[in-house]
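Here's the structure we're looking at; comments come further down.
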Amino acid sequence: MKPFRRSKLHFDLRIGLTTSLAPSSASSGEPNATSLRAPLPLRIAVCVAVVAFLGLAGRLVQLQALLGDDYLQRSTNNFIRERELEAVRGQIRDRRGEVLADNRPTFHVYATPRYVSQVTLGRLARLLKLSEEQREALAKKLGSKRGGEASKQVLVAEDISRDQLAALESEKDLLPGIDIEARTRRVYPQKATAAHLLGYLNMAGPEDLKRGYKHGDYVGRSGLEQKLEQKLRGSPGFERIFVDAHGRRKSENELGKMAQLAPQEMRRDPQPGLTAVLTIDLDLQHIVEEALSRHASAAAAVVEADTGRVLAMASYPSPDPNLLGGRLTRGEAQRLESDPFRPLLDKSLRETYYPGSTFKIIPALAALEEGLIDPDQKQVCYGRYELGRHVFRCMKAHGPVPLHEALSQSCNVYFYHLAEKVGLERMARWAERFGFGQPMGLGLGEASGFVPTLDYYKQHGGFRGGYALNTALGQGAVRASVLQLAMAYAALGNGGKLYQPMLVERLETPSGDSVEQFAPQLRAQLPILPSSLERLRRALVDVVADHKGTASTAFIEGLDVAGKSGTAQVRKNRRGESSGWDQLNDHAWFVGYSPSRNAKIAVAVLIEHGGLGGHVAAPTATRIIQGYFDRIDPEHKPRPIAEGPAIKLRTTLPASAGAR
Amino acid sequence: MSALRRTWSLVDGPLTAAVVALIGLGLLNLYSATRVAPKGMFSSQLMWIAIGLVLLVGVAVLDQQLLKRLAWPAYLGVTGLLVAVLLVGKVVNGSRRWFGWGSYGIQPSELMKLSLILLGAHLFSSDPQGLVHRPWRYVLKWHALWIVPALLILKQPDLGTALLCGLLALSLFFLVPLPPKLKLWVFSVGLSGAFLVVRFGLKEYQKKRLLTFLHPELDPTGTGYHARQALFAIGSGRLFGKGYLRGTQNHLQFLPEHWTDFPFAVWAEEWGLCGCLLLLACFLFLILWTLHIASACRDRFGRYLVLGCAALLFWHVTINIAMVIGLAPVVGVTLPLVSYGGSSVLTVMAALGLVYNVSARRFPL
């Protein structure tokens, strides 16, 4: 019988269990030891138990001996929360120490979803005076975080008021999972003043996170904030605190010996950023911006003639940087972007224009220096100049004029003759010597402008003689920025030294120790004879001082200004004319330096669609120059009597309606 | 004097050593584990141990004939309780497992484990000839008898205990002398049945647990968080542990409910691999010694009784530790003598009482 046989087999197979594990039963004197042999299933059971326990032991060896260090790290990370200590961003100051960009403390509220109960949420909503909708939105936001996400902090309220802060602090113990974090916020105490120059910050985006920024950091986005980002930023520190699984803070005492598992360094102080001291003079900046604000859209630059230091630079209108960087509503941002006066654009640096007649110094110098003309020989101006089938016009019929009058009264016909003698290539070479069409090396995204050459025209539809005439008048394809013109005229005023514009004087520690001092950078000593410069100087002085000069309406008694007005034609095919100003009107320019000998400053002013340069831009420029010598640098104010022939005291009334 | 000595000689020395060691280690660990628990847990565990010891002695001195007579009534009674608990039981954490009196309670599902051991031992020992000649009858009878209460427990739902009852019944079935072919056949049928249960018979949260175990990265509700934290605790103990009362995972509450299901993680964190191997050795010794007592027992009823208890201990220990160290899904199975809880302590003590009872009667008196 099969079952029986099996059953017998069952008992016949033997195992040493009783003898190996149980000497007691063997020694107990039981005579019939053979019947105590264990059956097969029992032996299998023993094997199963041993193998199972070996399996468990193996897994423990893996977890504790092989992966132990890794798990220790993870369990330590569990109860140590690292909090970043923000580095205070460096200030930006003007040359005299006035603060242009500063920081103020703000308080943000964060919630860790895992630890925030409905009760806590309700209490928080009450303390922050959230509306029912806001509260529900918040509850939804927190509720949507799962798993590891639920352990990460979520920003609940930004920049809460002092009252809200006090309310939260007083009930802090009843708000597990809610943290208040103090962070600094960038503020610009001068509001819109020098806004384009300073730039603004906004929240770090995905690209920045890859570059070592963290969520919630602010990054310089334009202007000096962007250029000096690495210097201003500083480096953050950290503080490590002990927490339990519910996010409650634990002191080192409470942890006792467990605290020894923590890393040695529990705190590292942040390194504050460096303070940037600019070459900008805040008072002059105010003067410049006040002068520009009389127009719809304008830009100006004032540079120290013999160093290239930018003393003031402005673009009007400008936004308040305190409001930029993600703090505007969508509507406000759109309004800024679609504003016809383009407040977001820095017109002093990042936009280029036809320089118009302010460019005439280039063909004039080229002709003088290369001996192509006799400056005293007159050209007769009938108000028009014909080249082939083209007719080029002048403002009026000047009659016979030498170079001096051609400059001071801005006779185009004279310069048409001149341009034919000088040619496009020479003009281009001289323009480049003065920095036109070249990058300025400020690192603020400034435009290089453009100077056309023969090659350029050959590649763009062929060269025609008229192009040289246009170029001589700063039209055609010539483009220059406000600062470029200021630098070029500074070179005229300082005897031919072209400087690199300079904005940052030095970098300091927060306590005021100088870290890095910058020196003026000479780009080139231009090969110009002093006699040529002197000839030019006299002509430029008469632009303002002579009653026939184009900018004679801008004459201010006792001010020694040499400069050139410009009226740059606007491309007539511009779109969008509904903007309340005449977009077909010419751009008005005035660029000059003062005093005319040993110039202290050079000034460039552009009034977009302002009309005649001599009438619109020049008075703005002279007002700025007057402001400079009255309020910034009275020591160097020229004394008219002593200077003698340099300044003509006006005896006749200026021609009404100017040069037209 | 001589009566005392005679009584003492009936007490199994190695078994006692293992039990005492485990109770000691368990209490030591529970003291640490319950430091962050609601107050009074440690002392209430002490009380349960004391009551359990009394129960152990009481069970150890019971007449085996009485036990045999009790087998059926106990089974029927506990099954009745299981039905009753489904109707009027207290709902704790979404399942109906308890009869409650105040803060104390009783889980009939725990009693069912003991009752199944008793019934199995009785069933397979009462008619050895029948077992040989009509094995099918016993097979069908036995499986019907354990499946009914297991399903009732599953309905509560209490996956861990249902699973344990099943494993217990199958272990007993495997250990009794039935034809191997028959056993093989039953196991293959059983496996397919188990697959069907898993596929269609589990509650949503139970499925999620299984799913989380198989694919921890999915972690739809954070169920895996606890299991992961347990792994951190164990692994971070390394070779020698962080030291007694110094487990950060335990004391800073990163281990949830660690005094019932995860005391091994607490132990592992504070005592390291060395402590773990010591604890495993104690358990293995206890189980092997119990098996030894069974093999040494010449009486069929007593042998099967002890085998049942050995199976109970073995499955409790392996499943609990396997789930804590991430080798099995998290099901509510306690670690004998180490986990906190009256039901668990009393069940294990009663089972040990049965082992003592049999070990004292290895030889016909």
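The values are calculated or read from the model by the stated rules, or taken from the named source; none is laboratory data. Just so we're clear, the structure is a prediction, and the values are computed from it rather than from any experiment. We place every Cβ from the backbone using ideal geometry, glycine too, and count neighbours over all the protein chains shown. Surface accessibility is based on the protein's heavy atoms, side chains included, excluding ligands, DNA and RNA. Shrake-Rupley method; radii C 1.70, N 1.55, O 1.52, S 1.80 Å.
The table below gives the values:
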| item | result |
| --- | --- |
| Backbone HN-Hα couplings from phi across the stretch B:328-338 [Karplus 6.51/-1.76/1.60, Hz, Gly and Pro as x] | 9, x, 7, 10, x, 10, 8, 9, x, 6, 10 |
| Note, ³J(HN,Hα) from phi for the stretch A:608-625, Karplus 6.51, -1.76, 1.60, rounded to Hz, x at Gly and Pro | 5, 6, x, x, 6, x, x, 8, 9, 7, 4, x, 4, 5, 5, 4, 5, 5 |
| Gyration tensor verdict on the stretch B:107-195 (Cα atoms; rounded if a/c is under 1.5, prolate if a/b is larger than b/c, oblate otherwise) | oblate |
| Cα pair count fraction exceeding 59 Å, expressed as % - the protein assembly as shown | 44 percent |
| Solvent-accessible area per residue, Å², over the stretch B:13-360 with all protein chains present [probe radius 1.4 Å] | 39 Å² |
| Highest average packing first - A:408-419, A:465-476, A:69-80, Cβ atoms within 10 Å | A:408-419, A:465-476, A:69-80 |
| 27 Å Cα-Cα threshold exceeded, pairs from A:K458/A:K564; A:K191/A:K227; B:K113/B:K141 | A:K458/A:K564 |
| Using a Förster distance of 25 Å, the FRET efficiency for A:H246-A:A139 (Cβ separation, nearest 0.05) | 0.80 |
| Residue mean of other protein chain beta carbons inside 10 Å, B:171-177 | 4 |
| Mean separation of Cα contacts under 8 Å, 6 or more apart, over the residue count of the stretch A:152-278: relative contact order % | 20 percent |
| Sequence of A:K600, B:K242 from largest to smallest accessible area, 1.4 Å probe | A:K600, B:K242 |
| Under 5 Å, built H, 5+ apart or other chain: amide partners of A:L344 | none |
| DSSP beta bridge pairing in the protein assembly as shown, given as percent antiparallel to the nearest 5 | 95 percent |
| Highest average packing first - B:291-303, A:508-520, Cβ atoms within 10 Å | B:291-303, A:508-520 |
| Accessible area of the stretch A:107-206 divided out per residue, in Å², using a probe of 1.4 angstrom | 52 Å² |
| Separation of the A:E332 and A:V187 label points, Cα + 7 Å toward Cβ, nm | 1.6 nm |
| Charge dipole magnitude, Cβ of K and R +1, D and E -1 - the protein assembly as shown, Cα centre, debye nearest 20 | 4700 debye |
| Residues whose placed amide H lies under 5 Å from that of A:R83, excluding near-sequence neighbours | A:E239, A:R240, A:I241 |
| Threshold 50 Å² - residues in the stretch B:240-269 whose accessible area is reduced by that much or more when the chain is no longer isolated, probe 1.4 Å | B:R246, B:T248, B:L252, B:Q253, B:F254 |
| Relative packing of A:169-178, A:192-201, which averages over residues the other C-beta atoms within 10 Å, highest first | A:192-201, A:169-178 |
| Chain A, accessible surface, carbon-and-sulfur percent (1.4 angstrom probe) | 50 percent |
| For A:K497, distant residues with modelled amide H under 5 Å away | A:L526 |
| Partner chain coverage, peptide B:287-294 - average Cβ within 10 angstrom | 5 |
| Difference of contour (0.36 nm per residue) and Cα-Cα distance, A:R597 to A:D633 | 11.4 nm |
| FRET efficiency estimate (nearest 0.05) - Cβ-Cβ, A:K257 to A:E207, R0 35 angstrom | 0.20 |
| Shape metrics for the stretch B:13-360, restricted to C-alpha atoms - Rg then Dmax, Å | 20.0, 61 |
| Expected-Rg normalisation [2.2 N^0.38 Å, Cα atoms] applied to the stretch A:420-510 | 1.30 |
| Heavy-atom accessible surface of the stretch B:13-360: percent carbon and sulfur, 1.4 Å | 71 percent |
| Rough spin-label spacing in nm, given labels placed 7 Å along Cα→Cβ, for A:R267 and A:I44 | 6.7 nm |
| For the stretch B:71-84, Karplus couplings with θ = phi - 60° (6.51, -1.76, 1.60), whole Hz, Gly/Pro x | 3, 5, x, 4, 4, 5, x, 5, 4, x, 4, 4, 5, 4 |
| Rounded to the nearest 20 debye, dipole of chain B from Cβ charges on Lys, Arg, Asp, Glu | 660 debye |
| Accessible area that becomes buried as B packs against A, both chains, 1.4 Å probe, Å², nearest 100 | 5000 Å² |
| For the protein assembly as shown, with +1 on Lys and Arg beta carbons and -1 on Asp and Glu, the positive-most of B:L231, B:I51, A:T358 along the dipole | B:I51 |
| Shielding score for B:320-328, defined as the mean number of other chain Cβ atoms within 10 Å | 3 |
| Across A:K421/A:K600; A:K140/A:K250; B:K90/B:K183, pairs whose alpha-carbon gap is larger than 32 Å | A:K421/A:K600; B:K90/B:K183 |
